[in-house]
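Note sheet for the following structure.
The values are calculated or read from the model by the stated rules, or taken from the named source; none is laboratory data. Predicted model only: the values in this text are computed from it and were never measured. Methodologically, a virtual Cβ is constructed for each residue, glycine included, from the backbone with ideal geometry; neighbour enumeration extends over all protein chains shown. Keep in mind that these areas ignore ligands, DNA and RNA; they rest on the heavy atoms of the full protein, side chains included. Shrake-Rupley method; radii C 1.70, N 1.55, O 1.52, S 1.80 Å.
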Amino acid sequence: MHKATPELIQQIVSEVLNEIELEAIPIGISNRHVHLTEQDFQQLFPGETLTPMKPLKQPGEFAAEQTVTIVGSKGEQSRVRILGPFRKRSQAEISMTDTRTLGIPAPVRLSGHLEDAAEVTLKNGEHCVTIKGCIVAKRHIHMSFKDMARFKLSAGDTVSVRVKTEERTTLFEDVEIRPGEKFILEMHVDTDEANAANIKPDTVGSLIRR
Ligand SMILES: [Zn+2]
């Protein structure tokens, strides 16, 4: 009979963990970016059209040619990409590092949850607009309803994702599910989170069932 040594317990725990790791979740790294209403875009780029430069993985979404400068109390960040299409509310998504270097006290929130978002000024040359819509995006997984059923998850659920990487394997907890009919399975983290866990563009994570 085996004695329950710490080594044996460790081995059993890791075997169980391996068993409950589900299929691979592709990971997308989001750099700081903004989403704009058509009205705010027109104020920043009078007479221009939002021009797609590169499609994103989620259907219909794209990185635009146009960029803006984010202005905070401690600094500015130029060349921040606009992502299209237009939204009903303008929103700036920055990293936790940006909140310090730019001096913008943005809370960690899911996209669209802007009730207590920070105020920030966006500018293009002499044109500018101030929005109450700056957040640090909460890590999340885009999931179709079909995938949600497959994983037995509901809207509002949070999951954990284990990301095995060179020298920095990390367990991400508090990962929110973002359901959408046309969403393609993809976890979104920001550049701070990606760097902390040594995540590269081709890194995948494993969903952990709680
Ligand atoms: Zn996302």
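With charges only on Cβ, +1 for K and R and -1 for D and E, what is the dipole size of segment 37-153 about its Cα centre, in debye, rounded to 20?
Here segment 37-153 has a charge dipole of around 640 debye.
In terms of modelled amide H atoms, which long-range or inter-chain residues lie less than 5 Å from the amide H of V108?
Answer set, sorted by chain and number: V136.
Rounded to the nearest 5, what % of the DSSP beta bridges within the chain are antiparallel ones? The partial results should precede the final answer.
On the way: 38 of 52 bridges.
In the chain, DSSP labels about 75 percent of beta bridges as antiparallel.
Mind giving me the FRET efficiency for R162 and I12? R0 is 22 Å, r the Cβ-Cβ distance, nearest 0.05 is fine.
The computed FRET efficiency comes out at 0.80.
Based on the Cα atoms of segment 31-137, what semi-axes does the equivalent ellipsoid have, where each is the square root of 5 times one gyration tensor eigenvalue, given in whole Å with the largest first?
Each semi-axis is the square root of five times an eigenvalue, giving 20, 16, 13 Å.
Farthest toward the dipole's positive end in segment 31-137, which of N124, P107, S78, given Cβ charges of +1 (Lys, Arg) and -1 (Asp, Glu) about the Cα centre?
Final value for the positive-end residue is P107.
Would you mind telling me the share, in percent, of accessible area of segment 96-210 contributed by carbon and sulfur at probe 1.4 angstrom?
Whole-percent figure for carbon plus sulfur exposure: 49.
What is the angle, in °, between the Cα long axis of helix 6-20 and the longest principal axis of the Cα atoms in the chain? Nearest 10 is fine, range 0 to 90.
60 degrees
Can you compute 3J(HN,Hα) from phi for each residue in segment 75-82, using the Karplus curve 6.51 cos²θ - 1.76 cosθ + 1.60 with θ = phi - 60°, rounded to whole Hz and x for Gly and Pro?
Values per residue, Gly and Pro as x: x, 10, 10, 8, 6, 8, 5, 8 Hz.
Step through the residues of segment 42-47 one at a time and calculate ³J(HN,Hα) from phi using the Karplus curve (6.51 cos²θ - 1.76 cosθ + 1.60, θ = phi - 60°), rounding each to whole Hz and writing x for Gly and Pro.
Residue by residue, segment 42-47 yields 5, 5, 7, 10, x, x Hz.
Expressed as a whole number of Å, what is the distance separating the alpha-carbon centroids of segment 48-72 and segment 150-171?
Measuring centre to centre over Cα atoms gives 28 Å.
Rounded to the nearest 20 Debye, what is the dipole magnitude of the chain about its Cα centre when Lys and Arg each give +1 and Asp and Glu each give -1 at the C-beta?
180 debye
Which loop-located GluC sites (Glu not before Pro) does segment 74-164 contain, where loop means any DSSP state but H, G, I, E or B and the Cβ has at most 11 other Cβ atoms within 10 Å?
On the way: sites: E76, E93, E115, E119, E126; in loops: E115, E126.
Hits after loop and neighbour filter: E115, E126.
Amide H of H140 versus every other amide H placed in the peptide plane: which residues, excluding those fewer than 5 positions away on the same chain, fall under 5 Å?
Result for H140 returns E176, H188.
Keeping every protein chain present and rolling a 1.4 Å probe, give me the accessible area per residue for the chain in Å².
Values: 11870 Å² over 210 residues.
That works out to 57 Å² for each residue.
Kindly write out, for segment 181-188 in residue order, the coupling ³J(HN,Hα) from the Karplus curve 6.51 cos²θ - 1.76 cosθ + 1.60 (θ = phi - 60°), rounded to whole Hz, with x marking Gly and Pro.
3, 9, 5, 9, 4, 6, 8, 10
Enumerate the amide H contacts of L56 below 5 Å, restricted to partners 5 or more residues apart or on another chain; note that Pro and chain-start residues carry no placed amide H.
The answer is E61, F62, A63.
How big, on average over all directions, is the shadow cast by the Cα convex hull of the chain, in nm²?
13.9 nm²
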